[in-house]
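What follows is a single structure, written as structure tokens, with notes after it.
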């Protein structure tokens, strides 16, 4: 019997979803999409399910919907633990994984002339600001306080570093990008600045980055993530883990069929049988 894959997403036209649709067709797999914020009618889906929402709504009902599927990648517990950046910061500290210092905006850290302001949830560099100067920091935090908007954190600003995105899928590193500095935007985001990315082989990663990557995947039980790491003066830090990683820039830069690689990994892990 033909096997199926369900993707929970609010937008089936995103690049990654369209690529999986193409590759499912070529592999003779059925693919369906559902909005995870809508309660499905009928019996729960019993096949493998991918959750492709970032939680930017600050509404976790999509996780309840996700829990109804019987085969879950990136488990509910890890999805909750890594859903927002503050939870990640606390978890990294608990697991002794080095990462940049972070503060909740209510903490008002003093003695910093530059800080990075980030939304707790989201992706693609949206809501990320560089606050330059003590007065600007105080003014922006006052604005958020007036709006009663606490869905932000502050992160220390690091000037000189190298940044790497590692696409990790089902126990394997299937792609690496180095995000290069851009004089016009401090955000090193692959979707915003694809021309400022270059592909690397795993063995080209600096040793401290490889060591931290190995430590990270050994301590956290995830299956499909994008891992952002930085190197500052030979010291590696874990910047962020993205539970909904895109792979457009990797496919464009390398010519590798990332969508098919991930699907074939799913087939192998699930031991699907084909007619």
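What full-extension length gain, to one decimal in nm, is calculated for residue 68 and residue 25 as 0.36 nm per residue of separation minus the Cα-Cα distance?
12.9 nm
Stick to the Cα atoms of the stretch 102-156, pair each with every other, and give me the Kirkwood hydrodynamic radius in Å at one decimal.
Hydrodynamic radius (Kirkwood, Cα only) of the stretch 102-156 equals 11.2 Å.
By count of other Cβ within 10 Å, fewest leading, how are 179, 148 ordered?
Lowest to highest Cβ neighbour count: 148, 179.
What is the helix-to-structure angle for 134-147, meaning the angle in degrees between its Cα long axis and the longest Cα principal axis of the chain, kept from 0 to 90 and rounded to the nearest 10?
50
Could you tell me the calculated FRET efficiency between residue 130 and residue 221, based on Cβ-Cβ distance and R0 = 22 angstrom, to the nearest 0.05?
On the way: r = 34 Å, r/R0 = 1.53.
Given R0 = 22 Å and the Cβ-Cβ separation, E is 0.05.
Could you list log10 I(q)/I(0) for the chain at q = 0.12 Å⁻¹, which the Debye formula gives when each Cα is one point scatterer?
Log-scaled intensity ratios, in q order: -0.79.
Against the longest alpha carbon principal axis of the chain, how many degrees, from 0 to 90 and to the nearest 10, is the axis of helix 207-219 turned?
Around 60 degrees separate the two axes.
For the pair residue 61/residue 252, report the inter-label distance in nm, with labels modelled 7 Å from Cα in the Cβ direction.
Calculated label separation equals 3.5 nm.
What is the stretch 102-156's relative contact order, in percent, from Cα pairs under 8 angstrom and six or more apart in sequence? Mind showing how you got there, number by number?
Working: 73 pairs, mean separation 28.4, N = 55.
The normalised contact order for the stretch 102-156 reaches 52 percent.
Using Cα pairs under 8 angstrom and six or more residues apart, how large is the relative contact order of the stretch 160-254, in percent?
Value for the stretch 160-254: 32 percent.
Gap in Å between the Cα centre of the stretch 158-204 and the Cα centre of the stretch 68-92?
About 23 Å separates the Cα centre of the stretch 68-92 from the one of the stretch 158-204.
Could you calculate the contour length gain from residue 234 to residue 270, that is, 0.36 nm times the residue separation minus the distance between their Cα atoms, to one decimal place in nm?
The residue 234-residue 270 span can extend by a further 9.0 nm.
Just from its helices, what would the mean residue ellipticity at 222 nm be for the chain, if runs of 4 or more DSSP H residues each count -39500 (n - 2.57) and the sum is divided by every residue, rounded to the nearest 500 deg cm²/dmol? Could the numbers behind the result be given before it?
Numbers: 8 runs with 81 residues, N = 275.
Value at 222 nm, helices only, nearest 500: -8500 deg cm²/dmol.
log10 I(q)/I(0), Debye, Cα-only the stretch 160-254, no solvent, q = 0.20, 0.22, 0.23 Å⁻¹?
At q = 0.20, 0.22, 0.23 Å⁻¹ the computed log10 ratios are -0.97, -1.19, -1.30.
Normalised by the number of residues in the chain, what is the relative contact order in percent for Cα pairs under 8 Å and 6+ residues apart?
The value is 19 percent.
Taking Cα atoms, how many degrees apart are the long axis of helix 15-26 and the longest axis of the chain, rounded to 10 and kept between 0 and 90?
Roughly 20 degrees between the two axes.
None of the figures in this text is laboratory data; all of them are computed from the coordinates on show. Everything numeric here is computed off the predicted structure, so don't read it as measured data. Reconstructed Cβ throughout: ideal geometry from the backbone, glycine too, with neighbour counts over all protein chains shown.
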